[in-house]
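Inspection log for the structure reproduced underneath, given as structure tokens.
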Amino acid sequence: MGVPDPKVPVRADHRFIRKMISLSLDNKVREIPSEFSRLSRVFSKAGGSWERVHLGSIRDIELLKKVIKVAYKRGFLTKKEKWAG
């Protein structure tokens, strides 16, 4: 595999969610656009702002981390398969 394209996925919120998942869940989640869209909607409904996230709001970034963590624990994110090695 080559170097990941920083413009894929096209949506900025999906790219940020992908980055947060790679940092906090060590890439244990499959990248499924519909699940990322759901995370984005839940984050916004919980009072989060993507504009503030991109301006560096720690409060909003922490809220997004909580949304991702809860979604992972409750099974709303598809986990990558664990292969016996």
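In this structure, does Asp13 turn out to be modelled with pLDDT of 95 or more and in a helix (DSSP H, G or I)?
Judged against the criteria, Asp13 is not a match.
Table: residues versus (1) surrounded by 10 or more Cβ atoms within 10 Å (Cβ to Cβ); (2) touching a Leu at 6+ places or on another chain (Cβ under 7 Å); (3) on the phi > 0 side of the Ramachandran plot; (4) outside any loop (DSSP other than H, G, I, E, B).
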| residue | (1), (2), (3), (4) |
| --- | --- |
| Ser40 | yes, no, no, yes |
| Phe43 | yes, yes, no, yes |
| Glu51 | no, no, no, yes |
| Gly56 | no, no, yes, no |
| Ile68 | yes, yes, no, yes |
| Ala71 | yes, yes, no, yes |
| Gly75 | no, no, yes, no |
| Glu81 | no, no, no, no |
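Can you name every residue in the range 22-61 that is basic (Lys, Arg) and farther than 20 Å from Arg11 by Cα?
Lys28, Arg59 - these are the residues of the range 22-61 that are basic (Lys, Arg) and farther than 20 Å from Arg11 by Cα.
Out of the range 38-60, which residues are within 12 Å of the chain's Cα centre (by Cα) and touching a residue at least 24 places away in the same chain (Cβ under 8 Å)?
Matches in the range 38-60: Arg38, Leu39, Ser40, Val42, Phe43.
Name the residues in the range 62-79 that are in contact (Cβ under 8 Å) with a residue 40 or more places away in the chain and under 17 Å from His14 (Cβ atoms), would you?
Within the range 62-79, Leu64, Lys65, Ile68, Tyr72, Phe76, Leu77, Thr78 meet the criteria.
The values are calculated or read from the model by the stated rules, or taken from the named source; none is laboratory data. Computed from a predicted model, the values in this text were never measured in an experiment. Virtual Cβ from ideal backbone geometry, glycine too; neighbours counted across all protein chains shown.
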